[in-house]
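What follows is a short report on a single structure.
Any read-out appearing in this document is the output of simple, stated calculations on the displayed coordinates, not a laboratory observation. Everything numeric here is computed off the predicted structure, so don't read it as measured data. Glycine also receives a Cβ, built like all others from the backbone with ideal geometry; neighbour counts cover every protein chain displayed.
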Ligand code: M6R
């Protein structure tokens, strides 16, 4: 996963940058780089090895201002030319976390204006774009702000100009970034752990902020361009812990990290030739040709991800798919089909039931196996022939959040790759899906911006003992996931049903004391769902409807409408999940439960 460190000091900053990168190593990466200004020129060092390689390379370098980066590419050979920092015309250097959605368009425009690209990344357009403005007035802050207006997507960036060694400029939208304040030296980082060794005084940038950092001072501008003050926090964390930063709980942090986690997971699809089987391992091209069906095995939240994937795989790729709870499958005498791809999904890769289910599948004669997992060296990954590693970073909260949404992103990629390989994906559809994927981190950020509204709503649930979640189709598993989140951390009894199933039993539970939460995307099942909601209202049930724009649903007596920012088509389950995660989190706060360590539960269930 990508990481950023920047520093300006009266001493050599290279050791600070390298130490910062080392602190970010736990997030995983495949290349690293830094740039400093030395004798009025850039000195850039990049390496596809570990940070220690970069340390060796930099033995004779020094500089008092610099920026550094770790990058994790997910397919192909990670190369030095794709490693950050990217430099434009020997003048402007940039490091970037996130995804620039309109980079192809910008790249074409900049190429037409004579800019030469030396990498395949989306990030390089930022360097050239800033440079094109910087030429006009030599003002790095103004040039960065002008360039940001043209960027669509998620970013945290740090920028350096060779003829302006007095300051660094940085900005964030959809990816975290903070300032570390030292004595006559200042720092920038994407994660507080990167600067803890040099300062504990931290200022977290808000969404849309742009900042200029000098030796002795700094200025922050909000997204409207107004100079603002942001509170300084003194970090109490030791150098060794995974930092909570500005958040009160790991679950909250992990919910808010989702734009970055998704951007990191989807880094591989930044370029248009990205939908290749190689994303899933060296043998995938051959294996995917041989398979005719899919069997997904997982537990808990990961099982819900599998349930969403079934809709995608059958609807888009046309491949038959079954999804089973691993703890059930492992004891079932099922019939193996040697043309089936067995996909296991797990955050930890150490869940005993999922590992046992995979072993059981292999004993039954299944050959083709793929693990979708967040932990690279885990047992599940080691056992499987193919793998896709989600890039969510460490998930500490027992309730799974960013692991789930990145699993969904991975499963959507799997669907697209299989669809393409089975020649069912037109070039036009591929472009459209890639566009939606690149937009995903920003779309998730818009849902996160609903947090204050959802926090207010949560007050209505604190006194409830039961809730019902409803969804249909692709969003039925999201109703299940919403109910699981709520019960796990608030201890409120929550059940989920496909809305059409209400009248077959659960409707008997509905009265004025039963809050009913409905997931209402603007999709083909909307009208059916509306009828189901009428059934609830007619029995006095109180409705809370998370509805996309264009659904023409409205708040009324007994109906509270929570307006979702946009409809994301096939990716809509990801957006609705984030809203329900926020609801569960804020209800748990109301109830004062232990959000990160709910009673009776463990993060990794390594026993049966
Ligand atoms: O590590 P895994 O994804 O295999 O874990 C599976 C479940 O134990 C896990 O998703 C659990 O349901 C979470 N606590 C849900 O928030």
Cα centroid of region 278-299 to Cα centroid of region 138-169, whole Å = 42 Å
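Given 0.36 nm per residue, what is the gain on full extension from residue 81 to residue 603 after removing their alpha carbon distance, in nm? Let's see the in-between values first.
Working: separation 522, 0.36 × 522 = 187.92 nm, distance 3.87 nm.
184.0 nm is the gain from fully extending residue 81 to residue 603.
How long are the three semi-axes of the equivalent ellipsoid of region 250-448, in whole Å, if each is the root of 5 times an eigenvalue of the C-alpha gyration tensor, listed from largest down? Walk me through the numbers before you get to the answer.
Numbers: eigenvalues 122, 94, 36 Å².
In descending order the semi-axes read 25, 22, 13 Å.
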To the nearest 10 degrees, the tilt of helix 140-150 (Cα long axis) against the first principal axis of the alpha carbons of the chain is 30 degrees
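Rounded to two decimals, what ratio of Rg to Rh does region 42-117 give with C-alpha atoms and a Kirkwood Rh? Display every interim value, and only then the final one.
Details: Rg = 14.2 Å, Rh = 14.3 Å.
When Rh is taken as the Kirkwood radius, the ratio is 0.99.
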Using only Cα positions of region 116-220, each an equal point scatterer, no hydration layer, compute I(q)/I(0) via Debye at q = 0.11, 0.21 Å⁻¹ and quote the log10 values to two decimals.
-> -0.34, -1.14
Could you give the nm distance between label points at residue 511 and residue 315, where each point is 7 Å from its Cα heading toward the beta carbon?
-> 3.7 nm
So what's the convex hull volume per residue for the Cα atoms of region 518-559, in Å³?
-> 58 Å³
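Could you work out the Rg to Rh ratio of region 103-164, with Rh taken as the Kirkwood radius (inverse of the mean 1/r over all Cα pairs)? Intermediate results must be reported in sequence, preceding the final value.
Numbers: Rg = 11.1 Å, Rh = 12.0 Å.
My calculation of the ratio gives 0.93.
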Stokes-Einstein D for region 207-359, Kirkwood Rh over Cα pairs, 25 °C, 0.890 mPa s (µm²/s) = 123 µm²/s
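Students often check this: by mean Cβ neighbours within 10 Å, which of 329-336, 223-230 ranks highest, and how do the rest follow? Please list the in-between numbers first.
Working: 329-336: 13.4, 223-230: 10.6.
Top to bottom by mean Cβ count within 10 Å: 329-336, 223-230.
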Here, region 540-608 modelled as identical Cα point scatterers in vacuum has Debye log10 I(q)/I(0) at q = 0.26 Å⁻¹ of -1.13
How far is helix 402-421 tilted off the main Cα axis of the chain, in degrees rounded to 10, range 0 to 90?
-> 90 degrees
Whole number please: convex hull volume per residue, Cα atoms of region 1-132, in Å³.
-> 100 Å³
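If we sort 581-587, 141-147, 535-541, 484-490 on the protection proxy, mean other Cβ atoms within 10 Å, highest first, what's the order? Walk me through the intermediate numbers first.
Values: 581-587: 26.6, 141-147: 20.1, 535-541: 16.3, 484-490: 25.0.
Highest-to-lowest ranking by the protection proxy: 581-587, 484-490, 141-147, 535-541.
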Starting with the fewest neighbours, write out 503, 64 ranked by other beta-carbon atoms found within 10 Å of each beta-carbon.
-> 503, 64
Rule-of-thumb check for region 326-416: C-alpha Rg over 2.2 N^0.38 Å?
-> 1.07
Residue 557 versus residue 334: modelled label distance in nm, points set 7 Å from Cα along the beta carbon direction = 5.0 nm
A correct Stokes-Einstein calculation for region 400-484, using the alpha-carbon Kirkwood radius, 20 °C and 1.002 mPa s, returns a whole-number D in µm² s⁻¹ of 137 µm²/s
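Which order results if 511, 283 are arranged by neighbouring Cβ count within 10 Å, fewest first?
If I rank by nearby Cβ atoms, fewest first, I get 511, 283.
Only Cα pairs under 8 Å and at least 6 apart count here; give the relative contact order of region 5-71 as a rounded whole percent. Numbers along the way, then the final one.
Values: 127 pairs, mean separation 32.6, N = 67.
Computed over region 5-71, the figure is 49 percent.
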Semi-axis lengths, Å, region 451-591, gyration tensor of Cα atoms, sqrt of 5 times eigenvalues = 19, 18, 14
Rounded to the nearest 5, what is the percent of antiparallel bridges among the DSSP beta bridges in the chain?
-> 60 percent
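Quick one: compute the contact order of the chain, relative version, from alpha carbon pairs under 8 angstrom and 6+ residues apart, as a percent.
Details: 1363 pairs, mean separation 67.2, N = 608.
Relative CO of the chain lands at 11 percent.
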Round to a whole angstrom and tell me the spacing of the C-alpha centers of region 463-490 and region 494-517.
-> 11 Å
Report the extension gain between residue 276 and residue 396 in nm, rounded to one decimal, defined as 0.36 nm multiplied by the number of residues separating them, less their alpha carbon distance.
-> 40.0 nm
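If neighbour count is taken as other Cβ atoms inside 10 Å, put 378, 531, 327 in order from fewest to most. If you can, show how the numbers build up before the last one.
Values: 378 22, 531 10, 327 19.
Exposure proxy ranking, most exposed first: 531, 327, 378.
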What is the spin-label model distance, in nm, from residue 538 to residue 52 if the labels are put 7 Å beyond Cα along the C-beta direction?
-> 7.0 nm
From largest to smallest, what semi-axes in whole angstrom does the chain give when each is the square root of 5 times an eigenvalue of its alpha carbon gyration tensor?
-> 41, 28, 23
Degrees between helix 476-490 axis and first principal axis of the chain (Cα, 0 to 90, nearest 10) = 80 degrees
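Can you pull the Rg over Rh of region 3-242, Cα-only, Kirkwood? Walk me through the numbers on the way to the answer.
Working: Rg = 16.2 Å, Rh = 17.5 Å.
Reported Rg/Rh, Kirkwood definition of Rh: 0.93.
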